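A.B. asks: First the structure, which I've put down as structure tokens, then a few questions once you've had a look.
The values are calculated or read from the model by the stated rules, or taken from the named source; none is laboratory data. Given the structure is predicted, the values throughout are model-derived calculations rather than measurements. We place every Cβ from the backbone using ideal geometry, glycine too, and count neighbours over all the protein chains shown.
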Amino acid sequence: MATSIPQLSKSSPNDKKPRKGNWSRDETKLLLELYQENATVLKASFSSGITSRQKQTTWQNMASQLHEVFPANVRTVKECQKRWQTVQSAAKANLSRHNEAMRGTGGGPAAPPLDDIDEIVADILGKKNHGMDGIDDDEEVLRFIHDAVEVQPSTEAAEKTQEVTPADVIRDEPASVISTKESR
């Protein structure tokens, strides 16, 4: 009794589509710049003003602009959307690690600087993004420090305070009150 082994695939190795090249750094930057220009449409929730069709048309325009600049790799709308999601996710993780290192107490290597792609994504997401926590704005911190330094005591408090000299602190007289802990 002879049994035959079924073949799993009838396609030959030549039937495969060639693999597309990886996204270059320049392609990714252009995609982010195009996303940033169209962020009001792409980030908006669906409403009477923004429709699914408008968003799809915007993505199609972005893909065609990418193709004009980089004709070697034709990117589909789905590939552009996937690349945006991948870059956004990686940038959020990098920004979170960077913010955590900035809040650290020191003792260890300095936090690596953010690269330009992470900076662009941070600009797109905005400072109030829930995925990135920490101090909202450097100006806010500087204003707080500036206000704290400029606070002067009121005139009443200044009148009540006495200037203490070293002679007042060092006395020849023994202390009249001794705590119970010191007497043991």
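A.B. asks: Within the range 57-79, is there a residue that is surrounded by fewer than 11 Cβ atoms within 10 Å (Cβ to Cβ), among the polar types (S, T, N, Q) and either assigned to a helix (DSSP H, G or I) or within 11 Å of the chain's Cα centre (by Cα) (or both)?
C.D. replies: So far as the range 57-79 goes, no, none of its residues is surrounded by fewer than 11 Cβ atoms within 10 Å (Cβ to Cβ), among the polar types (S, T, N, Q) and either assigned to a helix (DSSP H, G or I) or within 11 Å of the chain's Cα centre (by Cα) (or both).
A.B. asks: Right, ASP147: surrounded by fewer than 11 Cβ atoms within 10 Å (Cβ to Cβ), in contact with a Lys or Arg (Cβ under 9 Å, 6 or more places away or on another chain) and at pLDDT below 75 or not? Talk me through it step by step, then tell me what you get.
C.D. replies: Details: surrounded by fewer than 11 Cβ atoms within 10 Å (Cβ to Cβ): yes; in contact with a Lys or Arg (Cβ under 9 Å, 6 or more places away or on another chain): no; at pLDDT below 75: yes.
So ASP147 fails the test.
A.B. asks: Can you pull out every residue in the range 100-118 that is in contact with a helix residue (DSSP H, G or I) (Cβ under 9 Å, 6 or more places away or on another chain) and either in contact (Cβ under 8 Å) with a residue 24 or more places away in the chain or under 19 Å from LYS29 (Cβ atoms) (or both)?
C.D. replies: PRO113, LEU114, ASP115, ASP116, ILE117, ASP118, listed by residue number.
A.B. asks: Then there is this: How many residues does the range 69-98 hold that are over 14 Å from LEU114 (Cβ atoms) and touching a Gly at 6+ places or on another chain (Cβ under 8 Å)?
C.D. replies: 2
A.B. asks: Please determine whether any residue of the range 72-90 is among the hydroxyl-bearing types (Ser, Thr, Tyr) and touching a helix residue (DSSP H, G or I) at 6+ places or on another chain (Cβ under 9 Å). Give the steps one after another, and end with the answer.
C.D. replies: Of all residues in the range 72-90, those among the hydroxyl-bearing types (Ser, Thr, Tyr) come to 76, 86, 89.
This time we only want the ones that are touching a helix residue (DSSP H, G or I) at 6+ places or on another chain (Cβ under 9 Å), so: 76.
Yes, the range 72-90 contains a residue that is among the hydroxyl-bearing types (Ser, Thr, Tyr) and touching a helix residue (DSSP H, G or I) at 6+ places or on another chain (Cβ under 9 Å).
A.B. asks: Now, a different point. Looking at (1) out of contact with any helix residue (DSSP H, G or I) (no Cβ under 6 Å at 6 or more places or on another chain); (2) modelled with pLDDT of 90 or more, find the lone condition where VAL121 falls short.
C.D. replies: That leaves (1) as the condition not met.
A.B. asks: Starting from the range 87-99, take each residue that is touching a residue at least 40 places away in the same chain (Cβ under 8 Å) and list its partners that are exposed (fewer than 14 other Cβ atoms within 10 Å of the Cβ), counting only C-beta distances under 6 angstrom and pairs at least six apart or across chains.
C.D. replies: Correct list of pairs: LYS92/GLY131.
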